[in-house]
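Trainee: Can you keep this structure in mind? I'll have questions shortly.
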Amino acid sequence: MGASPSWLQMPRCRGVDIEELTIAQLQEHLEQRSFTTRELTDCYLRRIELVNPRIKAVIETNPDALKIADQLDAERREGKVRSKLHGIPFLVKDNIATKDQMQTTAGSAALIGTVVPEDAQVVARLRAAGGVLLGKANLSEWASMRASYYAEAYSSRGGQNRNPYNLAEHPGGSSSGSASAVACNMCAFSIGTETDGSVMFPADRNAIVGMKPTVGLTSTAGVIPEAPSLDTVGSFGRTVADATLVLDVMAEKTAVPETAQDRHSSYANCLAGKTALQGAKFGLPLKRVWEAAAQSEKHKASYKELQKLIKLLEKAGAEIVDVNFPSAEEIISPEGWNWEYADGKSGSKLSEFEVVKVEFYRSLKDYLASLDNNEYGILSLEDVMAYNTKHTNKEGGVPGTHPAWPTGQDNFDRCLEAKDEGEQVYQKALEYIQRKSRDEGIDAALKHENTELDGLLVPLQADGGVACSVAAKAGYPMITIPVGVDDKGVPFGIGLMQTAWKEDVLIRYGSAIEELVGHRHRPTFLNPDADNYAYVGSPPAD
């Protein structure tokens, strides 16, 4: 493999090569005074300056980042280290509020100039732990909510975020920038949000670890909402250990039921090696999941590699059994991911989208009412839509006027219609998707021959994204582990899901599988000799 062009190489931090270093390794260097937090922060900011014009993972950097780093350096010199994240730089998705000089806009110009009342709770926790907030990450505008057909990973503020493994491919959404920034070492870790697939897919397509916790374990206070019944904040890291350290800080452990609290005192204590796989028992949901992956021509190469991984798991001492979601044919479309599918048909009033569109309309209004200095008077979804229509050349409010949104804002249109459908329709849909994905879905599949399985292994792209959608409907936790790259050079991994509040189990077996797989693949855009390498624009002048 050829060397990276000099203008793309990771800046060294006082002579230390920090590329691909874990949080623990960075912390060790900080403790040994190999470099300071200011120097580390400056290295990541320079990395963003070099790489972001091609990847567009970052919307804006924090003008206070170096000042924050100086403060944390002063604390370290005085012997104060707040946590294992002390002095570690990170990014947050641009739908997560930060009370500073940066914007919080979900990628939309409509919210430029608004002032949030305070940091989102997860940001406040990460700051208190000593994290250095580097900036805001790009995303699929409005977290993929505004249109039924759109350019994944595009926002009017951030432009088109690209996949660092193949610049002709998208990096997954909606937490695209959060994932691709970690993948190409623009930060040590990041956080994103998920309603349905928005942490899982970007992690999978960027060869990093994504940890999507049980809904309620991480606070969504201060996050621009999509559907509070489904929304959660998750962590991205290059390793399971990194994603776990971040979850340890963000988790609202008082939200955990008393019966599970003893297992949540420290997620880092749950990390394990591949020997933990000896005697483990995992299920493979076949109907509409692995069967769909087996039939996918597009994902033939990755499916073959995932089958090899399953054989490796068995060789490592794990037992793999075939299972099914009893409700599979009712809530999983045979055509792939479709959040309008329920009761065995598309367009059902019992679907996930029925819940999302009602909750989005209501919760967005509450969020907008909490903002100060709302320059354009954006107080409701109607106002957002009017802004998009008025500025359709940039925001594509009118169908056919912007290539990123060929259908305009048709999902927003449907959210407006849903506000008049009544509480009974909404409540019936919410009860249905939760019952079918929980009792008649994941929980049922985890019970096998009178034993509880240690998790359900699922493909993340080869099945059309349907398995992680079941976890999203249920509000249950899930983790992704990188496996390889497909014939287009795009990464793929394997997902592991569990029932509510069993993040500890996912971390134990996720880290075990990670060690079995070995090191993740680095982004090929850094290698000009790779077959799928492509420049976006021209290299900068020396």
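Trainee: Quick one: which of LEU312, LEU271, LEU277 is open to solvent by less than 50 Å² (accessible area, probe 1.4 Å) and touching a residue at least 12 places away in the same chain (Cβ under 8 Å)?
Mentor: None of the other options fit; the residue is LEU277.
Trainee: Here's a follow-up. Suppose the filter is open to solvent by less than 10 Å² (accessible area, probe 1.4 Å) and either in contact with a strand residue (DSSP E or B) (Cβ under 8 Å, 6 or more places away or on another chain) or closer than 15 Å to LEU111 by Cα (or both); does ALA418 pass it?
Mentor: No: the conditions fail for ALA418.
Trainee: Now for a different question. Please enumerate the residues belonging to segment 29-57 that are touching a Ser or Thr at 6+ places or on another chain (Cβ under 8 Å) and part of a helix (DSSP H, G or I).
Mentor: Result: LEU30, LEU45, ILE48, ILE55.
Trainee: Hey, among VAL115, VAL182, which residue is in contact with a Ser or Thr (Cβ under 6 Å, 6 or more places away or on another chain) and not hydroxyl-bearing (Ser, Thr, Tyr)?
Mentor: Exactly one of VAL115, VAL182 is in contact with a Ser or Thr (Cβ under 6 Å, 6 or more places away or on another chain) and not hydroxyl-bearing (Ser, Thr, Tyr), namely VAL182.
Trainee: Right, another one. Would you mind stating whether PRO228 is assigned to a loop (DSSP other than H, G, I, E, B), of a type outside the set (A, V, I, L, M), open to solvent by 10 Å² or more (accessible area, probe 1.4 Å) and in contact (Cβ under 8 Å) with a residue 12 or more places away in the chain?
Mentor: Yes, satisfied.
Trainee: Please verify whether ASP242 is of a type in the set (D, E, K, R), closer than 19 Å to GLY131 by Cβ and either open to solvent by less than 40 Å² (accessible area, probe 1.4 Å) or modelled with pLDDT of 95 or more (or both), treating the condition exactly as stated.
Mentor: Here the answer is yes, as ASP242 does meet what is asked.
Trainee: Looking only at segment 315-366, which residues are among the hydroxyl-bearing types (Ser, Thr, Tyr), out of contact with any strand residue (DSSP E or B) (no Cβ under 8 Å at 6 or more places or on another chain) and crowded, with 16+ Cβ neighbours inside 10 Å?
Mentor: SER327, TYR341, TYR361, SER363 - these are the residues of segment 315-366 that are among the hydroxyl-bearing types (Ser, Thr, Tyr), out of contact with any strand residue (DSSP E or B) (no Cβ under 8 Å at 6 or more places or on another chain) and crowded, with 16+ Cβ neighbours inside 10 Å.
So that you can scan it fast, the table gives a plain yes or no per residue for (1) open to solvent by less than 10 Å² (accessible area, probe 1.4 Å); (2) part of a loop (DSSP other than H, G, I, E, B); (3) basic (Lys, Arg):
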| site | (1), (2), (3) |
| --- | --- |
| LYS136 | yes, no, yes |
| ALA147 | yes, yes, no |
| ALA168 | no, yes, no |
| GLY172 | yes, yes, no |
| GLY177 | yes, no, no |
| VAL182 | yes, no, no |
| ASN185 | yes, yes, no |
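Trainee: Mind listing whichever residues of segment 390-407 are open to solvent by 50 Å² or more (accessible area, probe 1.4 Å) and in contact with a helix residue (DSSP H, G or I) (Cβ under 8 Å, 6 or more places away or on another chain)?
Mentor: Selection gives HIS391, LYS394, VAL398, PRO399, THR401.
Trainee: In segment 39-59, is there at least one residue being under 20 Å from VAL249 (Cα atoms) and open to solvent by 40 Å² or more (accessible area, probe 1.4 Å)?
Mentor: no
The values are calculated or read from the model by the stated rules, or taken from the named source; none is laboratory data. Here the structure is a predicted model, which means the values were calculated and not measured. Note that each Cβ is placed from the backbone with ideal geometry, even for glycine, and that neighbours are counted across all protein chains shown. Just so you know, the surface numbers come from the protein's heavy atoms only, side chains and all, with ligands and any DNA or RNA stripped out. Shrake-Rupley method; radii C 1.70, N 1.55, O 1.52, S 1.80 Å.
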